[in-house]
Structures are given as structure tokens and as C-alpha cells.
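Written out below as C-alpha cells is the structure these notes cover.
Here, each number is a calculation from the coordinates, and none is a lab measurement. Keep in mind it's a predicted model, so treat the numbers as computed, not measured. Neighbour counts run over all protein chains shown; Cβ positions are idealised from the backbone, glycine included.
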Amino acid sequence: MEASLPAEETPPKRKGGRPRNPVARPDRATVRFTKIEYLAVKRRAQAARLTVGDYCRQAVLTGQVLPTLDPAALPALHELRALGNTLNQLVKKAHGVGVRSIALKADGLLDALTKLLAS
């Protein structure tokens, strides 16, 4: 008899389509609302920029709902982050050089932060 050669290993087939959600939620809890209750929950979820499911999940698990960030607030947050970075750099310099040498820069930064928070 002839000895057979081992077959070459074939790579696994790739599955097409959308990748699986990393946070699987296989268990369900069904809640029934009246039409008015559902509209109220839906309106609150929209105000928080969340889906009804995410809104209900946060309300049940934490007792409070944290809304997602408003896209219009992103430029202000970016500016605040930049000012915070500048403030950290000034504090580092103050430790190395001395506090008096950066007092004017710190005052200017404080004025900019005050104006940004007022708007």
C-alpha cells in the first residue's frame, strides 16, 4: 500500500459581515410601558442623547443617567484641555525657575479660563 502524505493545512475561512459586539448582552428583561410612559422615557433618552435601552440600563443600574457629550461643546472642551496643558507647563516651570517669573503668564491664563467658562 501506498503511504498518503499529510494534507496541507488550509487557513480558516474568514467570516464576512459585521464583527461581533465585544459587550454581549444575552439576557433580557422586558418592561411594559403605557403609551404616555414610553413617550416620556423616549423624550428623556433623546434629551440625554441615548437610546431608550441605554437610558433604562443606566437608570436601573446606577440610579442616575449621565448624558453623552454635546457635539457643540467639543471645541470648548478642546480649548479647556489646551489651557489645562498650558497651566501644567507653567506649574512645572514655577517649580524650576520660581513663582514670580511666571505670575503674568498665570494671570493671562486665568483670564482666558474665566472668559471661556462665562460663555
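Structural remarks
- Of all the options 64, 89, 46, the one that moves most in a Gaussian network model of the chain with Cα springs shorter than 10 angstrom is 89.
- Distance between modelled label sites at residue 18 and residue 78, nm, 7 Å Cα→Cβ extension: 2.9
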